[in-house]
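This report concerns only the one structure given below.
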Amino acid sequence: MQNDHPKDIKPVEFIVLMAFIMLLTAVAIDIMLPAFGQLRVYLGLAPDSTATSQIVTFFFLGQIGQLVFGPLADRYGRLPVLRVGFVLYIGGCIARPFHPPSA
């Protein structure tokens, strides 16, 4: 007999959800790449500035996030931690346009 609690997630739903979460990283990078040239001009950076370091930093911070959220997911379960992660991600996306530019 299958345990069908409302908060249980089916394996197919979980796989689709994880695929979309991984897609967010690729989409975020693809959105950011075309703007590098304009960002250099806007921030007054030299044409040979290392804009690629932003991509490396983005991936590095993603790995640090895994070190934080992984043990939390082991302790509290994947779905609650995933929901908190989405709230943090969306909050960061909303807050970023209001942050002053840094040079």
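No value in this document is a laboratory result; all are computed from the given coordinates. Owing to the predicted nature of the structure, the values given are computational and were not obtained by experimental measurement.
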**Quotient of C-alpha Rg and 2.2 N^0.38 Å, computed over the chain** = 1.40
**Prompt:** Once the Cα gyration tensor of region 57-99 is diagonalised, what are the square roots of 5 times its eigenvalues, in whole Å and ordered largest first, as equivalent ellipsoid semi-axes?
**Reply:** 21, 14, 5
